[in-house]
Every structure is written in C-alpha cells, then in structure tokens.
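The next block holds one structure in the form of structure tokens; read it before the comments.
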Amino acid sequence: MSLVNYLVLAGILFAIGSAAVLVRRNSIVAFMGVELMLNAANLTLVTFARMHGDLSGQVIAFFVMVVAAAEVVIGLAIIVSIFRTRGSASLDDASLLKS
Amino acid sequence: MTGLTISAGEGVLFWILAPLMVLGALSLLFARRTVHIAVSIAGVMVGLAVMYIANEATFLGVAQVVVYTGAVMMLFVFVIMLVGVDSTESLTETLRGQRWLAALSALGLAILLGAVVTRAVLPEPVGLAAANADSNPVAVARLVFSDFVFAFELTGALLITAAVGALSLTHRVRLGIKVDQRTLAEAKLKRYGAGGDATLVVNRPGPGVYARHNSADMPAVDAAGNPVEESITTVLRVRGQERELPSAEELADAGHPYGSPAVEAPTGTQAKEIDA
Amino acid sequence: MPQDILGQSPLTVLVLVPALVAAVVWLVPPLRRLARPIGLATSLVVLAGAVALAAGFDLGAASETQYLQTNGWIPAFGASYAVGVNGLGLTMILLATLLVPLVIVAGWKEVTLPAGVADDDESAAAKALAYRQAGWVALVLVLEALMIAVFAARDVFLFYVLFEAMLIPVYFLIGVYGGPNRRYAAIKFLLYSLAGGLLMLAAVVGYFFVGTDQGPQAFLLDGAQPLAMPYGTELALFLGFFVAFAVKAPMWPVHTWLPDAAQQAPPGTSTLLVGVLDKVGTFGMIALCLPLFPEASRAAAPVIIVLALVSIIYGGLLAIGQNDLMRMIAFTSVSHFGFIVLGIFVGTSTAMTGAMIYMVAHGVSTAAMFLVGGFLTQRGGTQDMSAYGGMQRVTPLIAGTFLVSGLASLALPGLSGFVPEYLVLLGTFQHAPWMAIVAVFGVVLAALYILLAYQRVFTGPPSTTHAGMPDLGGREKVVMGVLVAAMLFLGFYPAPVLDALTPVADAVSTFFVGGVA
Amino acid sequence: MFVAPHIEWAALTPVLILLGAAVIGVLVEAFVPRASRRLVQLALSALAVAGALVAVTWRWTVVQSSGPRELVAGALREDGPALLAQAVLLVLSLLALLVIADRSRGEDGFAPTAAAVPGSEYEDQARRAGLAQTEVFPLTMFAVTGMLVFPAAADLLTMFIALEVLSLPLYLLAGLARYRRLLSQEASLKYFLLGAFSSAFFLMGLALLYGYAGSVRLDELAVAVPAMAGMDGLLLAGSALVIVGLLFKVGAVPFHAWTPDVYQGAPTSVTGFMAACTKVAAFAALLRFVYVVTPGLTWDLAPFLWTVAILTMVVGTVLAIVQTDMKRTLAYSSVAHAGFLLLGVIALDERGIGGVIFYLLAYGLATVGSFGLVSLVRTKDADGNVTSEAGHLSEWAGLGRRSPVLAVSFALFLLSFAGIPLTAGFTGKFAVFSAAVAGGAWPLVVVAVLASAAAAFFYVRIIVLMFFTEPPVAEDGSSTTVVRTEGLTAVAVVVCAVGTVLLGVVPSAILAITAQASKFLL
C-alpha cells in the first residue's frame, strides 16, 4: 500500500466528475460532477499533505470545502430559479441560446 | 523526521473503499434517477471522509461528513425533491459523438493524472505525526489564522455573496396588503353572493376520492363524473405521473359507474393490475 | 516662408488648418450651410500656404529635408512626430493642395440627398442636405490634412499611422457619397487596404524590434544609414512594406479594388484617390522601401519589374475592353502605375527622376480625365460609353478637354505625360532594352485606349438622347482650365519640377545602385 | 507556538474600502427604505471605487519610492504590475458602474425582482410598483473586490478564493436581465456550471503543484521549479491545469464555450463590466503565474500556449464573422482579443507585462463604451412601446442617420477593436505585438496580424450597416430606437471615447507608466 493509490483514486474520481459535467444534460447532475471534482482535488491535497508532512494541504482542503459550500448555495439557487421558470432543470430544454 | 509506515489495515481499508467509491461515482454517468445519484455521491463523500481520517486529517474527516454529506449533499437532495420534475433523464445524445468525445477526454484525463502521479518520483512520505503533535484541529487552526489568514477573511466575502445571492433569487417582496384567511373567506363569500361559482366556497376535492382509486395520482371526480385535474399535486402533473381516469361512459358501460363498487372489488395491491 | 511658426514647422500648420476647419464645419450646425464656401476658402488658403512653402524651399538642397520638426511622440515605441519635406514630398504636397480646391469646386453640386429621403418637409430636407454637404467637405478636408501629413512624415511609425488613417475618410467618401453599388466598392477598397496595411504593421513591429538596440529613435528616416539586420529579416520586412504599397499604388495582381472604387466613387473622390492617394504607395516605395531595405530592394527588383511590366500591358488591355468610362480611366491608371514602379525599380537615376515626375503628371492628367468624365456622365446619366456618341458636336468643350487630358495621358509631346514617360523609357533602355521594348507596347496601348474611347464617345453621329446636353458651365470651365494649364506647363516647362526632383532621385539611387544587375 | 501574522493595513486599504462598501451595501438593503436605496447604493459604490482608485494611486507612489513588498504573511504582493492592473480595473469598474446604474425611462437594465417567475403576474406587479434589484450594487462591489485581489494574489489558494469571490457575484448578475429573462437565467446557469468546472481544474492544478513543491506560494514554486528532478510531470500537469482554469476565465479557445451565451444573455451593462474587468483581473493573474512560476518551463508549455493562442485568434475571428447578433459578435470579438493578449503573456518579455495591461485598458474602454451604447439601442413595436434591446445586427441598420453621435462613437470603439491607428486599440496591439516579437514569438504575430485583418471585416460590416444601409421596414411595424437615459451611460461613453482617442494619439504618458511595471516581485 502506497500513498500513490490515493492519488490515482483521486485522478479517477476527478475524471469521472469531469465526464459527468460534459455528458449529462441535467444541470443538477452536472453540478454534482463538479462537486466530485472538487472532492478529488481535496483528496489529492490531503494525501500530499501527509506525504510532505505539511499541514497546509489540509488547510487548503478546508478552504475548498467552505468555497464549495458557498458555490453550492449560489448554484442551487440559480437552478431553482430556472426550474420555477421553466419547470425543467435540463440544460437542453428550450435552449434559447444558439450555440 | 522518520519515514512513514503505512499499516496493512489502511491498505485493506483502501481496497475495500476505493472500488465502492468509484462505483458510486460512476452513477454520475450511468444512473438515470437524480436521487440515486445524489445518494451515491453522498456515499462517496463519506468514503472520502474515512480516507481523510486514515490520512491523518481528523478534522477534515469530520468536517467532510458535516459539511459535504450533512449539508451540501442534503441541500442537493432537498433541491431534487423541490425540483423533482425530470428526476429521470433521457440518456440519448443531443449532439452526435459528443458523448464519445467527452468519454475519451475524461479517459485521457484519468490516464494523464494517473500517469503523472505514478511515474513521478515522489519523496518518501513523511507523515503528519510531528505536525499533528498538538492534535490535528489545533495545528490546522494555527495555520488558518497565520499563513492563511487573508484567505480566511476573504472567504467571508464569499459567504455573504452566497447569502445575498440566494436571498435575491428566491425572496419575494410582498406587494400589496397581506391576505389572511379571514379576508379570503369573506371575499369568497362575497363573490358567491354576487352570483359566483359555488365551488369557490367549498374546499376543492382531494385526489383519488370515490373509493375506486384512492392513490394520490388519480384525479378526483366531480359530481358530473368528470376528473378534476387540480386535485392532483403540481409535482405529479408536471412529471406526467398522474393517471388517466377511464371515461365515465366506459365505466358506465362496464356496469359500475363512479361511486359504485367494482364488479370484483379489488383488494390490496391487486388494484394496480386491474388498472393495467 | 519662415522655417517655423510658433515653434511649429509650417508643415504642421498646413496639416492642422484643414483638420480643424473640418471639425468645426462638421460639428457647428450653423456653419453647415456654408460648408462649401468655407471648404473652398480653406483649401485655397492651404494651397497658398503650400505655394509659399515652395517659394521658401531651397532648391539647391532639394534632396535634403527642409522645414524640419521633430518632437517626441511615443517614446516607448521609439516613435516621434517628425515632419519635413524634400523635393519629392514638396511636389506631392503641391499636387495634393492643387487638386483639393478643384475637387471641391467640381463637386459643388454633386452632393445631393440620396433617393428615399422624404422631401415633403422642405426645411428638414434642406437641413439634411446641409448636413450631408458639411460631411462631404469635412471628409475632403480631413483627407487633405492627412495627405499633406503623410508626404511630410519623416518617421516610419508616423507614416504608417497616417497611411492607415487615410483609409477612413476615403472609405466614407466612397461609401456614403458614391454610386449605387458603393457599399461593395467601399468594403472592397477597405479590405484590400487593411490587409496590406496590416502586413505593413507586422513589418513596422519587426522594424521596431530590429531597431530597439540601435538608437532610441530607430523610426526616424533622417538617419542616412539603414539599420543593420540579417538579410532574411530585411527581405521579410521589405515585403511587408512593399505589399502594402503595391496595393495602394494598384499593381497587378492586387489592383482589383481600384476599378470598382473608381466606378462607384464620385468623380471628385476618384480624383483624389487615384491622383494623390495612390501616389502614397509609390512615394512609400521611394521614401521607405529603398532607403530602409536597399539589399532587399535590389534583390526583389527583377520580380517587381516583371510585375510592373505586366501591370502596364494588362492595364492597357483591360482599359481597351471597358465599357464603363470610369473603369476605363481606372485601368489606364493601373498601366501608368506600372510605368512609375518600373521607373523606381529599374535603378537608374534617369528612370527614377522620370518616375517621380510621372507621379505628378499622372496626378494632373488623371484628375482631369476623372473630372471631365464626371461632368459628362453626370449630364448623360450613365457611365456606359456605348450610350454616347458624337458628343463633340453637342459639348465641344467637354470633348476638347477630354482629348487634351487623354493626349497628356498617352504622353504626347508638349503635354505633361511626355517628359516622364520619355525619361522612364530612356532610363529603362539604358539598363535593359528588352524591358523598354515591352514598356513601349504599353505606350501603343495607351494610344489605342484613349483614341478608341474618344471615338466611341465623341465622334460619329450624335446620339439623339443626349442632343440638348449643356456644355461646361463657368465653374467647370475654371476647373478644367486650371488642369489644362497645369498639363501644358508640365509639358513645356518641366524645369522647376525637374530641379526639385532630380537631386532626390540621385540621392535615392545611391541607396540602390545597380538595380537589377 | 502561535504567532499572530503581521498585517499591513495601509497596503490593504483599496481592498478594505471595497469590501467595506460591499458589506455596508448589504446592510443598506436591510435598513434603508426602498425609495432611497438606489441612490444610497450608487453613491456608496461610486465613492468606494473612486476611493479605492485613490488608494491604489497612493500605494503606487509608495511602491515607486520604497519598493515592492509582500503583504499579510505572503498572501499578497504589492508590486508594480499588481497595482497597475488594479488601477486599470478600478477605472473600468467605475465606468462600468455608471452604465450598470443608469436608468432609461425610469427603469434600469435589471429585473425588478429576480425572484419573480418571468412573465408572471407578480413580475408585472413588481414592475408597476417600481421595484429595483438594488442588490446589484453590493454584488458588483464583491466582484470588484475579488478582481482587485486576483492580480495581487501571491499564492494559489488566495488566487483560488479571489477567483471565486469575483465569479460568484457575476454568476448571479448574469441572470438578472430585465428583458428576455429566460435567456438571462440560462446564461447565468451556463456561466455558473462552466465557471465551477473551470475552478475545479484550477484546484486540481493547485493540488498537483502542492504535491510538487509542498507549498502553493508562487515564490516557493518558482524556487522549486528548477530544483526537483523526477516530478516534472506533476509540475507540468499542475501548471497546465492552473493555466487552463485561468484561460477559462479569459475565454480562450477551446475554453470559450460559455462566452457567447453569457455575453448575450446577461444584462448588457453587466456584460460590459464582465467583459472588461474580468479580463483585466484574469490576465493580470495569468501574467503573474506565467512570469513567476513557469519561465523554467517555457519549452514544455510553449506548444500548449501557442496552440491555444492561435486557436483563440482564429476561431474567435472566424466565428465573429458569421454572427448575426450584436452581443454575440462582440463576444466572439472578445475571444479574438483574448488571443491577441495571450501573445503578450507568451512573450515572457518584460515589455509584455506593461503591453498587456495597456492593451487591457484600451480594450476595456472600448468594451465598456460599446456595451453601454448597445444597452441604449432598443426595439420599438408598432404601438411605439419600447421593448428589449435591439440584438439583431439588421436592427442596427441606418442608425448613423438617426443617431449620428451614438453611431460615430460606436464606430470609434469598433475601430479601436479593429486596431486602426490613432485609436487606443492600435497602440495596444503595437505594444503587445512588439513584446511578442521581442520574445521570439514572431510567427504568432504574423497570425495575429492576419487575424486582425479578417477581424476588421466584421467591425467594418457593422459600420457599413450603421452608415450605409437603409433601416429595414419590419412587417409588424416594429423599428429601432435609441432611448434617453439619466445620462450616466452618456458620461461613461464619453469618457471611454475620449480615452480611446487620447490613448491612440498621445499614449506616451500611460505607456511610460505601464513600462515601469515590468517586473513581478517574486
């Protein structure tokens, strides 16, 4: 067992999260993908903190949690307001913006 | 500083948790119901919390459970319940080939990150025994309030923004006077007195009355035998999950109009089969 | 003329006067109705100033820059506000300042409200007309200011900036006041010029970079020595400049914007465009390309000469084939610009002198052709030559002035075109006879296209549709009179111009000894 | 034992002023009666930005005399480039704020209340009651605070948090447009999702760099870059991911997907603010990261950055040509401009820093000005009711005849975008391109020049449309009109126009200042 295993796991989770953002059309699911990516980064930070014997990695991870919490509030508020307008949370539904 | 020895137990823990977490994460790509995804991700978060603790980050492990699993993911579930609507999602592609492209780039990302960390000649792990001498929370707190104090203060701006934002997107100012139940009732009666519809005065029917179907997805039937659409909750209606009522004529032809027991009165769960 | 006025070079004053008047005329509503008289008066004042400048010019030192002024402008880019003229710049400024009042007079009644503007409300219509006329006068004056400035610029950066800035008034002159297809013509003009100009920008940036470690103001043209740089860099920078100039002085194969622009632009604009503005291209070749990149110029000369010869023949052939009078004149200009470029790059002092005089002579004769063509087509209502016929009986003055301008253009002895064409051919012949022989074909073609055009429009039985067409009016007589006088002057007494230009040609040729050899 | 960090309060004044104004603005929402709220908020915000500008100027003189230094335990740097970028940012913010605050016919550009469902009766009531979403002001102040910290951030965590502080309010502001609410909300969602996505990349890059060096401080990273063997992969991947996160913010291809949608959907005044100011902040941070951390990596990162720069210039230009909506055209043009700006970043030449900042100022002035003007051009239906903004290019036809002043100033901004000499845009292009040539990136300059030539096409097309084309006659009797406002936008536009001309004709004073900011404090 080596610490690298944690890092590989984090890499996999990060990739899955990014794939979810790119593939899923439901904004809530896509947003959960972003959350997973942030958590993967946190796992990396915590692992490296242990590797370096330096706590700042953990502190950064802590800040990330705070930031993520604020982000979630904003994001979900936006999603809810869109839902109230359209009755859907899909990115595709009635997409008014041409791409 | 001495090198870090990683216990065999930690290895076992990792190899049990990691596959489960990856499976949970994969639900993001393959599960259809949003709620299922949310719960799986909450599970992944708990797994991460355990890993944090294994990685000598006790404080973070606890914070992870409290903040992520307890607050963030519950907020997600809450919103999913609120939004509810397209809890299932069609997984057909809107842009041809986009999924493959995305899968390919994600795979590439995974391979890249994996290669980067496995091929790097990482330094010998040191461990946090020394850094955590005064207990992990204390050591973390010291850093937060010294090296990272500016970042800490700045997050305050973030939290205020979040609060202001959420409020302005959702809070409605009351325009006009507040309508209480009494004025409402009086207004209704006044309208009735002025020749309005009698149905305005009485309560609206709930769903599934008249015995034959008593589930919430079945509309009520008015005196004329027509379904009352409003009796079903909006959520079910928007989802398209309300059930169609057989027309009064059909039922009358079959010999059991509304209000009379069915020929073979259903019992228990058989009701569903008969509908089908 | 004093060497400085209030600490400024008189050139600066000459630039500022029309620019300021333009701004005032356009911005102050009460003045708009008087825009044309004000514009004419201003341009005459500027012409007087330019003549005074010429009078005060030391002909003995014509190859040196005079009326110098150098101020720091953007030190970070090594750019300065540096103006001054040698014989060539002065001649070009005289040409420009001479043509502007003529253009204003010629266009006195040409600016009208476009079709579609309601004329039921008379006062509103009058207001709109005044606004349009003020805009036209302002644009012409701004253009004059920029033309004077660009011929006076002694700094590569300043030259580039003015070179590009000139596009904008011309663009609006074509696009707002032009013919039915003006949008297309204006955009084509702008895109060609912008593309060329941006290549030049790349070259200017490169030149700046080369120059940064060779003195603080590497952009100044006064330094007698060109910057030292590797040959490859020099060639690349030369090409950047040259292509921009070639677009401007329409050379085959980047000339295609000119016929469209000339066809759609009002005659006055075409006059300024072909008569003066396009000369900025050949002026740039002489004032920038040769001194800054002598090695590259020498190396590229054979290719350029071939292109110039192609331009001469191609322009002549297409001029013969044109049905549209203005397009025809535009193609003759392509041919003439071929001669000028040929003279520049052949590399003998004689040919160079010829090229320089050619620039002036062509400016006058082509202006005359565009303007008289404009007078004719305005009356006849069409630019299609086949619609006319036998006009020499109906409008003898128009026919006569057209013939004189055409003969000047085909280099009849005694008219302005003869001396330069002779000099260019002579210089070319000294250098490489076969080139001169090819170029002589161009002269033959010129005779063909001019006389054919004259024959189609002015001889034969008069067309009935244009029977009662009026001849030149007083205003127009003045314009054509001045131009014919200028053509005769240049034909019979070219000495002062030769005196001003020969030293410059000699000086430039030293940068560029040997030409193709 | 715990040692309290030393905090340089004086140096923090600009940030503190803005943060204070933002917080007070939130309190104003709670305690000041609705009728006077807007005025109080506007005065507060404008004073705060102006005050911060004064403070930054003061700090600039201090830094000039006593040299740059690090602040608050190394979280921030007070050096030339940071202060210069902050000054540019504040100037542009002040102008953008005027446009944001302006009202035409008693209405600003924002939804009366964001909580109302578009098209609902409640929304109608709110409109009639004259509600205004005055939270816009504190949100803008928060965004400016984040932008102010961003260029000065000296460690990746501070950078990350500043990124979020500037982004979150913008996500919200994007969804507040008064007209076309659906479009606006969708823009908000897209911006949010892609923004969060990009910050996740930034964060992963941060984590990898932390793994590499054991620190996220830029100075320690810079020291570690040449030192460690065997972990190049971490360093490269980390740097690339951090840069990707920043490139998202500046809208470089292929990370530009959000730009057109968000530019189109967001309230026009916010688009102007976002387009101008976010670019300043993000480019300043990108400059710091690239110039401080990656000089040792030039050879490894160059292919990546060169590809991005070329793609950005080419794709931005080509797509701008085919657009039919004014805001989308400007959005793609902003993508192309990001490409030009990248030249100055890639140059890794000390002239590049000042050049990029000058370019940002020139671009920002034209952007704030042009979006300010876009917000004034509206469609009018057959009954003479003014409705939403005239988005379609064809609706701008013939504007030069009816509103010559507006059309001429818009043309001026377009010419500046196109980089025509004697406008600020030209000087900026020249500054950036010459830095790139000095840095050896001349092939990029050639591409940039060609792209500029192509880009000129669509700017010119708009000018043609305004001056040479007859206004279309719509079947339903609708037409285009220019609304009168309280004048704040006019002030902003005039300042922008004057600035654009001055920076084009006599730029030497500003260029001299930008030239002084040529070095980052490690």
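The values are calculated or read from the model by the stated rules, or taken from the named source; none is laboratory data. Just so it is clear, the model here is predicted, and its values are computed rather than measured. Note that we place each Cβ from the backbone using ideal geometry, even for glycine, and neighbour counts take in every protein chain shown.
Data for the structure
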| item | result |
| --- | --- |
| Residue count, segment A:32-55 (criterion: surrounded by fewer than 24 Cβ atoms within 10 Å (Cβ to Cβ) and either more than 7 Å from every other protein chain (Cβ to nearest Cβ) or among the small types (G, A, S) (or both)) | 1 |
| Residues (exposed (fewer than 15 other Cβ atoms within 10 Å of the Cβ) and at the interface with chain D (Cβ under 10 Å from one of its Cβ atoms)) located in segment B:101-122 | B:A115, B:R119, B:V121 |
| Residue satisfying condition, being of a type outside the set (D, E), touching a strand residue (DSSP E or B) at 6+ places or on another chain (Cβ under 8 Å) and surrounded by 17 or more Cβ atoms within 10 Å (Cβ to Cβ), within set D:A21, D:A11 | D:A11 |
| Residue match in segment D:330-344 (condition: surrounded by fewer than 24 Cβ atoms within 10 Å (Cβ to Cβ) and on the phi < 0 side of the Ramachandran plot) | no |
| Which listed residue is surrounded by fewer than 24 Cβ atoms within 10 Å (Cβ to Cβ), assigned to a helix (DSSP H, G or I) and at the interface with another protein chain (Cβ under 10 Å from one of its Cβ atoms), from D:A431, D:A436, D:A515 | D:A515 |
| The one condition in (1) within 17 Å of the chain's Cα centre (by Cα); (2) among the aromatic types (F, W, Y); (3) within 7 Å of chain A (Cβ to nearest Cβ) that D:F197 fails to fulfil | (1) |
| Total residues in segment C:337-374, condition assigned to a helix (DSSP H, G or I) and either surrounded by fewer than 23 Cβ atoms within 10 Å (Cβ to Cβ) or not hydrophobic (A, V, I, L, M, F, W, C) (or both) | 13 |
| Looking only at segment D:85-122, and only at residues there that are of a type outside the set (A, V, I, L, M, F, W, C) and within 14 Å of another protein chain (Cβ to nearest Cβ), the one that is farthest from D:Q516 (Cα to Cα) | D:E121 |
| Some residue of segment C:317-334 being under 28 Å from C:P433 (Cα atoms) and surrounded by fewer than 21 Cβ atoms within 10 Å (Cβ to Cβ) | yes |
| Matching residues, segment B:120-149, being in a helix (DSSP H, G or I) and in contact with an Asp or Glu (Cβ under 9 Å, 6 or more places away or on another chain) | B:N136, B:R142 |
| Members of segment D:400-416 that are closer than 24 Å to D:G106 by Cβ, touching a residue at least 60 places away in the same chain (Cβ under 8 Å) and not basic (K, R) | D:S403, D:L406 |
| Conditions (1) surrounded by 24 or more Cβ atoms within 10 Å (Cβ to Cβ); (2) among the polar types (S, T, N, Q); (3) modelled with pLDDT under 85; number of the one not met by C:T97 | (3) |
| Given (1) over 30 Å from C:T65 (Cβ atoms); (2) in contact with a Ser or Thr (Cβ under 8 Å, 6 or more places away or on another chain), number of the condition C:T464 does not satisfy | (2) |
| Condition met for D:R128 (on the phi < 0 side of the Ramachandran plot and touching a Pro at 6+ places or on another chain (Cβ under 8 Å)) | no |
| Checking D:G230 against (1) more than 10 Å from chain B (Cβ to nearest Cβ); (2) surrounded by fewer than 24 Cβ atoms within 10 Å (Cβ to Cβ), the condition it does not meet | (1) |
| Output for segment D:71-125, where each listed residue is outside any loop (DSSP other than H, G, I, E, B) and free of Cβ contacts under 8 Å to residues at least 60 places away in the same chain | D:A87, D:L94, D:E121, D:Y122, D:E123, D:D124, D:Q125 |
| Filter result for the condition that a residue is at the interface with chain B (Cβ under 7 Å from one of its Cβ atoms), crowded, with 24+ Cβ neighbours inside 10 Å and within 15 Å of D:L156 (Cβ to Cβ), over A:V59, A:V29 | A:V59 |
| Candidate set from segment D:149-197 (those that are touching a Pro at 6+ places or on another chain (Cβ under 8 Å) and either over 15 Å from A:S27 (Cβ atoms) or among the charged types (D, E, K, R) (or both)); member that is surrounded by the fewest Cβ atoms within 10 Å (Cβ to Cβ) | D:R178 |
| Unmet requirement for C:T91, which otherwise passes all of (1) polar (S, T, N, Q); (2) under 26 Å from the mean Cα position of the chain (by Cα); (3) in a helix (DSSP H, G or I); (4) surrounded by fewer than 23 Cβ atoms within 10 Å (Cβ to Cβ) | (4) |
| Filtered residues of segment D:126-144 (kept if buried (at least 17 other Cβ atoms within 10 Å of the Cβ) and part of a loop (DSSP other than H, G, I, E, B)) | D:L131, D:A132, D:Q133, D:T134, D:E135 |
| Selected residue [in a strand (DSSP E or B) and either surrounded by 22 or more Cβ atoms within 10 Å (Cβ to Cβ) or among the polar types (S, T, N, Q) (or both)] from D:T367, D:T379 | D:T379 |
| Members of segment C:162-179 found to be free of Cβ contacts under 8 Å to residues at least 60 places away in the same chain and facing chain D (nearest Cβ under 10 Å), listed by number | C:L162, C:E164, C:A165, C:L167, C:I168, C:Y171, C:F172, C:G175, C:V176 |
| Single residue of segment C:180-190 satisfying the filter (within 10 Å of chain D (Cβ to nearest Cβ) and within 19 Å of the chain's Cα centre (by Cα)) that is farthest from D:G419 (Cα to Cα) | C:A186 |
| Of the criteria (1) under 23 Å from the mean Cα position of the chain (by Cα); (2) at pLDDT 80 or above, which one C:V24 fails | (1) |
| Residue in segment A:7-24 that is within 7 Å of chain B (Cβ to nearest Cβ), at pLDDT 90 or above and surrounded by fewer than 24 Cβ atoms within 10 Å (Cβ to Cβ) present | yes |
| Check on B:I41, out of contact with any Cys (no Cβ under 8 Å at 6 or more places or on another chain), among the β-branched types (V, I, T) and surrounded by 15 or more Cβ atoms within 10 Å (Cβ to Cβ) | yes |
| Filtered residues of segment D:120-139 (kept if of a type outside the set (K, R) and more than 19 Å from D:A266 (Cβ to Cβ)) | D:S120, D:E121, D:Y122, D:D124, D:Q125, D:A126, D:A129, D:G130, D:L131 |
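Residues are listed down the side, and each one gets a yes or a no for (1) in contact (Cβ under 8 Å) with a residue 60 or more places away in the chain; (2) surrounded by fewer than 19 Cβ atoms within 10 Å (Cβ to Cβ); (3) within 14 Å of chain C (Cβ to nearest Cβ); (4) hydrophobic (A, V, I, L, M, F, W, C):
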site: D:D476; (1), (2), (3), (4): yes, yes, no, no
site: D:G487; (1), (2), (3), (4): yes, yes, no, no
site: D:V498; (1), (2), (3), (4): no, yes, no, yes
site: D:V501; (1), (2), (3), (4): yes, yes, yes, yes
site: D:L511; (1), (2), (3), (4): yes, no, yes, yes
site: D:L521; (1), (2), (3), (4): yes, no, no, yes
